[in-house]
Each structure stands twice: as structure tokens, then as C-alpha cells.
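Below is one structure, written out as C-alpha cells; comments come after it.
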């Protein structure tokens, strides 16, 4: 019995600390990445009263609108798509509101076309006679910055670049749109 | 006899020529007019893409209007002579990497390609170490020779007592 014990190759209870550090470090980094992604996905919409994200919109006509350069004006950002039926409910009211506010020069409407196809988007704009600047959300960067959850969604930003109003779903009437914009125009 | 051979040869030639042709004609008649490019060609690309509107449903089987528009756009691009890669790049440029079923191998995306393989290797190594430890006898190394001697003496004493007891009983 003792011979057996002596001849058996003993297993040493040593562990490499470098390998342990590498393995545990990798696990912690991986968990960190997962945690960051989870936090991002559960953040919800951007909050009213906080600075709105800046972005540049290139319209279907090729014009560029940088929100940084639009400070001092009330900005209405409407996310839409040609395949979105609820968007059609508010399209005419938004256009009417734009025709009311455009001459004042104090309000800018920007239509952000989300995950849409070019031909159908242009047809939609023609159908509803949309004349305010509108363009595709390339790479869904703008919608990601606003953390949108779908379409239609509308964000109204005050003259200081702070988010003042959020509307999930379509506006019910022209009055509702005006009721959201008018308080921001008061001196 | 010679005439018969000539006639048989001619008949074989006729059968060979017309025998192969009819199935093609029938096939064309059965299928009817096909859209150009066909649904199969469109879906071959669409099944490797996802529309952000209806996540987790491949573009080729998604029933929403948005996806139908996307498929129609793929058809248009194919008709214009675009390749599969060009069409995918176009959609990525417009809507981001999320439209692809297989994320491109760059940046943080590498994590999803490396981690499973790495986890398998690490798991296999841990399992190997575990099996090795379970099957081999573990001997703690004595801290000094003195302690080793004491241990041996203790063991010997115990064994001798055990042997004595066994003798008494045996």
C-alpha cells in the first residue's frame, strides 16, 4: 500500500495565476459588454427637459440640415415611414401646421423617414403634399440617437436645444400639434 | 435490307433530336411567365437579411408591408444588374448592420465569433483538468522533512496496529 503511494505520480495542487487572471478578466469584460448593451436597450426614450441629440439630416432633395445650426428655432422632428398606416393619420395635419408656421421663420419641421424604401417614400410625400424638409434616416443613426420605439413618433425641441415634448403615435388633430408648439414660441 | 438500316438510322436521329426537346417546351409551358428576377432569386438574398421593423423574422418570410417593399427593392436592384454583395452593402448603408443575418466581422462583432469557440476550448480544458484530478490520487506535499517523517511514522504505526488486529481475528 505504501509502495503504491510512493510510486503514484502525485498531482500537484498548483494553478497558474496568469491563466486565472486571463480567464476571469475575459469573463468580466464579456459580462461588462452584455451589461452595457442591456442598459442601452432598456434606457427607453430620451427624456423631456434634457438636451436633444444633435444630428444632420440629408433630405431626399440632397439638402443638409444640421440641428446644431438650427438653435434659436423651435424644431419638430417627426419619424415616419411610407408603410406606416398610423403615420397617414397625422400627415395632412403636420403639413397644414408646417404651412402655418413656416412664414414665421421660428419653427422648423424635419421629417425623418425610418427604414423605408426610396420610391415609396417619395410617393407618400407626394400623396400628402409634404413640403417640409424630409429625408431618410441613413443607418438608423437618428432614430438610435432618439431611442425611438417605432413610427410615428414626434419630438419637439425648444429654442435652447432642450427636448420639450414627445408624442408617441400620431397626432389626433392640428390643434394638438399647435398646442405643443405654441407655448415654446412665447417670449 | 440496306434501305431498312437507313430508315432505322434516320428514325434514331429523329428520336434523338426531338426526344430531348419536348421536356424543355413542356417545362416552359408549365411554369408560365416568371417575374424577372424571380421570387427565388429575390428570396435567396432576402433570407439572409432582417428588417428592423419586425426583428427576428427573416425578410423572405416576413409579411409586413415594410418587408414587401424591401423585397421589391431587392428585385429592382437585381434587375439593374447589382450583385448580392452590392445589394447587401446598399441596405447596410441605409439601415445599418442590423439588417444582416450574419453580422460583419469587424469591431465588437468579433466577440460573437470568438467567445463561443474560446468558451469551448476553456471548457474542454477545465473538464480535462477536472477528470485528471478526479482520477489521479492527490497527495499534499509535506511542508518539511520532519513533518514527512512524522507522517510516515504515524502511517506505519496505524498499519502495524491494523495488521496486528487482522492477525488476531484471522
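The values are calculated or read from the model by the stated rules, or taken from the named source; none is laboratory data. Bear in mind the structure is a predicted one, so any value in this text is a computation, not a measurement. Methodologically, a virtual Cβ is constructed for each residue, glycine included, from the backbone with ideal geometry; neighbour enumeration extends over all protein chains shown.
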Check your understanding: Taking segment B:90-103, which residues are exposed (fewer than 14 other Cβ atoms within 10 Å of the Cβ) and without any contact (Cβ under 8 Å) to a residue 12 or more places away in the chain?
Key -> B:93
Revision key, fill the gap. Just one listed residue, out of A:146, A:171, A:79, is under 21 Å from residue A:53 (Cα atoms) and surrounded by fewer than 22 Cβ atoms within 10 Å (Cβ to Cβ), and it is A:146
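Condition (residue is in a loop (DSSP other than H, G, I, E, B), touching a residue at least 40 places away in the same chain (Cβ under 8 Å), in contact with a helix residue (DSSP H, G or I) (Cβ under 9 Å, 6 or more places away or on another chain) and surrounded by 15 or more Cβ atoms within 10 Å (Cβ to Cβ)) applied to segment A:123-139: is it met by at least one residue?
yes
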Revision key, fill the gap. Condition set under 21 Å from the mean Cα position of the chain (by Cα) and within 14 Å of chain B (Cβ to nearest Cβ), scope segment A:96-122, selection surrounded by the most Cβ atoms within 10 Å (Cβ to Cβ): answer is A:113
Point to revise | Any chance residue B:70 is within 11 Å of chain A (Cβ to nearest Cβ), loosely packed, with under 10 Cβ neighbours inside 10 Å, in a helix (DSSP H, G or I) and modelled with pLDDT of 85 or more | key: no
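Is it the case that segment B:43-62 has a residue that's on the phi > 0 side of the Ramachandran plot and more than 12 Å from chain A (Cβ to nearest Cβ)?
Of all residues in segment B:43-62, those on the phi > 0 side of the Ramachandran plot come to B:56.
Among the residues that remain, those that are also more than 12 Å from chain A (Cβ to nearest Cβ) are: B:56.
Yes, the conditions are met somewhere in segment B:43-62.
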Practice item. Might you check whether a residue that is modelled with pLDDT under 90 and away from chain A (no Cβ under 12 Å) occurs anywhere in segment B:121-144? Key: yes
Exercise for review: State yes or no: is residue A:91 more than 14 Å from chain B (Cβ to nearest Cβ) and buried (at least 21 other Cβ atoms within 10 Å of the Cβ)?
Suggested key: yes
